[in-house]
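Okay, so here's the structure we're looking at.
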Amino acid sequence: MQPIKDPDKVARMFSQGQTSLIDTSTGYKYTMVAFCPQDGSPASVAQTEKTSDGLSRVVFRCPRCSAMFEAGPEDIHIR
């Protein structure tokens with residue numbers, strides 16, 4: 001599956017303190033992905049920080065250039 005923008009699912013992940021979300025009707029597991037600012041490659045979650053309200057920070061690592069970068073909810077896609 002290609003990464004898509006879905007602000008509602010991303011918001012749910014942040015509020016639940018999770019980097020993935022399971023669709024109960026299909027069983028599909030959605031995961032966070034962000035595009036590397038250096039080379040545009042889709043990157044997976046490498047680190048998170050949580051508060052009592054959910055996720056406060058998500059850091060991604062690019063598989064191509066190994067760069068670590070933070071992305072906010074507005075820059076996060078799901079796949």
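Bear in mind that the values in this text are calculations on the coordinates, not laboratory data. Quick caveat: nothing in here was measured; it's all calculated off a predicted structure. Here Cβ is always computed from backbone atoms with ideal geometry, including for glycine, and neighbour counts include all displayed protein chains.
A compact table of results
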item	result
Residues with amide H under 5 Å from that of Ser41, placed H, sequence gap 5 or more	Cys36
Cα-Cα separations in segment 7-78 greater than 20 Å, expressed as whole percent	27 percent
Highest-MSF residue in the chain out of Thr31, Thr48, Thr19 [GNM, Cα springs under 10 Å]	Thr48
C-alpha long axis of helix 7-16 to longest principal axis of the chain, angle in °	80 degrees
Order of Asp39, Asp8 under a 10 Å beta carbon neighbour criterion, fewest first	Asp8, Asp39
Summed residue charge, Cβ within 13 Å of Gln38's Cβ, Lys/Arg positive, Asp/Glu negative	+1
Met32, Met13, Met1, Met68 arranged by Cβ crowding within 10 Å, fewest neighbours leading	Met1, Met68, Met13, Met32
